[in-house]
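Enquirer: My structure is below; once you've seen it, I'll send some questions.
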Amino acid sequence: MVKKLTGKFLRDIDKKHVWHPFTQMSEWMEEDFPVISHGKDNYIYDVDGKKYLDGVSSIWCNIHGYANRELNEALRKQMDKISHSTFLGMSNVPAILLAKKLIDILPGELTRVFYSDNGSTAVEVGIKMCLQYWQHTGRPEKQMFVSLRNGYHGDTIGAMSVGGIDLFHSAFKPLLFQSIRVASPYCYRCELGLEYPLCEIACVEEIESIAKNYPGVIAGLVIEPMVQAAGGFIMSPPGYLKRVYEITRKHEILLIADEVATGFMRTGRMFACEHEGVVPDILCISKGLTSGYMPLAATVTGENVFAAFLGRYEEFKSFFHGHTYTGNQLGCSLAIRSIELLTRKKFLNSIAQKIKIFEKGIDKFKKLKHVGEVRNLGLMGGIEIVKRKDTKEPYNLKEKVGIRVCREVRKDNIFLRPLGNVVVLMPPLSITKEEIKHLLDATYNAISKITD
Ligand code: PLP
């Protein structure tokens, strides 16, 4: 007899045999979580027949919605040719064409694409590339990295080493290499107790003094440009990124921009660095690269970094890094199609219109008694909920306010996932204007209700 795949049946197996990421499993095993069976446009559907508008793009990666006809077609076409062949000793058609496509949309002279599998590996590659670059250019003493508090670059060892979220990383400290942490540009809770713009972005001076205190030994600075995503959708003030960039130029530090969350029009520009006219030395992308269909990442750099790795075989200057699925054809063919859809004039215009509606709508959340700050850039929005607005006193995380808001909004058929006390809104770029309204109205009502 074939068992019917009901929610209960599947949940029971999940509870017995599956381990979920960033999840307290003892609570999970008590929960009636949705089990997703399929998706269409901006909705995901569970096996019990419920549907959810995806307000967080499956953790910030979906761009064109689910079961997109054109992406599916690109995938099917590629699958009929070949799904994967090694990138060692041979190349392949989609990986070559994707590199060209990326170079056309990337800022400045970023012309060399190194593929990997996910956001964490994109950053690992960036860090290793940076370190080896200085070895090949006669500066092997340059080994230190600077990174930001509240930064998040993934969960592998290197990415965690430049991460700045203690809750996620402190357990693994014995495994991590040392990196110098500097202030997060978190104006709402300024570490220096200053206020923008009177502060004149004083937090960047810490980077300058570190560069001066450690002359000639800093290899790279790793940053999420414009938005520290997992840190709480913290948006840097205008001028901050440019100043950081200038310091790195002055002190010969490679700037590694992690655009894993912000890339591909999320912030209203193709890449967030473009907001301040910054071209990093190394740029990391993933998530939106395949519109959330498949794991694929790229670390991109310019000819200056690339040239340092050139030489005769016996000099052993190759970049010693690679993965089994480097340059995977299915991922690359999807990414090509996704970028084609993204760069259609009509689609780009529609994003600009949606951003306006989103910005106007999210701004209204400021009125709420327990909303401390509303942060927004493009179609990325973070609403920080506080116990007391006048003192900015946060809710204790144990009160699970963010989680309760997301549970509440689920009653309105919306799926959200918070970052502590920050309610995150980051829908697929394909969201319709009506869906934006529904997302904002339902979230507003849920926050009012839970914090009443
Ligand atoms: N970098 C940033 C800015 C991210 O937001 C994330 C994931 O959220 C990562 C890196 C890690 O990406 P992945 O989860 O694909 O390893």
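Enquirer: Quick check on segment 131-142. Is at least one of its residues in the same structural domain as C187 (by TED's automatic domain parsing), within 16 Å of the ligand (Cβ to nearest atom) and crowded, with 19+ Cβ neighbours inside 10 Å?
Expert: No, the conditions are met nowhere in segment 131-142.
Enquirer: On to the next question. Could you grab me the full set of residues in segment 421-443 that are in contact with a helix residue (DSSP H, G or I) (Cβ under 6 Å, 6 or more places away or on another chain) and open to solvent by 30 Å² or more (accessible area, probe 1.4 Å)?
Expert: If the condition is that a residue be in contact with a helix residue (DSSP H, G or I) (Cβ under 6 Å, 6 or more places away or on another chain) and open to solvent by 30 Å² or more (accessible area, probe 1.4 Å), then K433 is the only one that fits.
Enquirer: Any residue in segment 301-311 that is assigned by TED's automatic domain parsing to the domain that holds G151 and touching a Leu at 6+ places or on another chain (Cβ under 7 Å)?
Expert: Yes, there is a match, as at least one residue in segment 301-311 is assigned by TED's automatic domain parsing to the domain that holds G151 and touching a Leu at 6+ places or on another chain (Cβ under 7 Å).
Enquirer: Restricting to segment 195-220, count the residues that are hydroxyl-bearing (S, T, Y) and outside any helix (DSSP H, G or I).
Expert: The total comes to 2.
Enquirer: Turning to a different aspect of this structure: Evaluate segment 382-400: report whether one residue or more is open to solvent by less than 10 Å² (accessible area, probe 1.4 Å), over 18 Å from S58 (Cα atoms) and within 18 Å of the chain's Cα centre (by Cα).
Expert: yes
Enquirer: H64 - would you say it is assigned to a loop (DSSP other than H, G, I, E, B), under 25 Å from P428 (Cβ atoms) and more than 16 Å from the ligand (Cβ to nearest atom)?
Expert: So H64 fits the description; yes.
Enquirer: Here's a follow-up. Does A122 fit the bill of being within 16 Å of the ligand (Cβ to nearest atom), of a type in the set (G, A, S), open to solvent by less than 40 Å² (accessible area, probe 1.4 Å) and in the same structural domain as I223 (by TED's automatic domain parsing)?
Expert: It is true that A122 is within 16 Å of the ligand (Cβ to nearest atom), of a type in the set (G, A, S), open to solvent by less than 40 Å² (accessible area, probe 1.4 Å) and in the same structural domain as I223 (by TED's automatic domain parsing).
Enquirer: At least 3 residues that are under 19 Å from T267 (Cα atoms) and touching a Lys or Arg at 6+ places or on another chain (Cβ under 9 Å) in each: list the strands (runs of 3 or more DSSP E) lying fully within segment 343-452 that qualify.
Expert: 371-377, 380-388
Enquirer: Let me ask something else about it. When both residues are 6+ apart or on different chains and their Cβ atoms are under 6 Å apart, which pairs have a first residue that lies in segment 250-273 and is free of Cβ contacts under 8 Å to residues at least 60 places away in the same chain, and a second that is more than 10 Å from the ligand (Cβ to nearest atom) and of a type in the set (S, T, N, Q)?
Expert: Close Cβ pairs satisfying both conditions: L255/T248.
Enquirer: Just wondering, is there one or more residues in segment 1-18 that are of a type in the set (F, W, Y) and either in contact (Cβ under 8 Å) with a residue 60 or more places away in the chain or assigned to a loop (DSSP other than H, G, I, E, B) (or both)?
Expert: no
Enquirer: Identify all residues within segment 1-55 that are aromatic (F, W, Y) and open to solvent by 90 Å² or more (accessible area, probe 1.4 Å); write none if there are none.
Expert: W19, F22
Enquirer: Give the residue that is farthest from E205 (Cα to Cα), with candidates limited to residues of segment 221-244 that are open to solvent by less than 20 Å² (accessible area, probe 1.4 Å) and either in a helix (DSSP H, G or I) or more than 15 Å from the ligand (Cβ to nearest atom) (or both).
Expert: P237
Enquirer: On to the next question. Could you say which residue among F168, F177, F145 is more than 18 Å from the chain's Cα centre (by Cα) and within 16 Å of the ligand (Cβ to nearest atom)?
Expert: F145
Enquirer: Would you be able to say whether some residue in segment 194-209 is of a type in the set (F, W, Y) and more than 16 Å from the ligand (Cβ to nearest atom)?
Expert: Among the residues of segment 194-209, at least one is of a type in the set (F, W, Y) and more than 16 Å from the ligand (Cβ to nearest atom), which makes the answer yes.
The values are calculated or read from the model by the stated rules, or taken from the named source; none is laboratory data. Keep in mind that this is a model prediction, so the values were computed, not measured. Positions of Cβ are generated from backbone atoms using ideal geometry, with glycine treated the same way; all protein chains shown enter the neighbour counts. The protein model used for the area step is the full one, side chains on, heavy atoms only, and it has no ligands, DNA or RNA in it. Shrake-Rupley method; radii C 1.70, N 1.55, O 1.52, S 1.80 Å.
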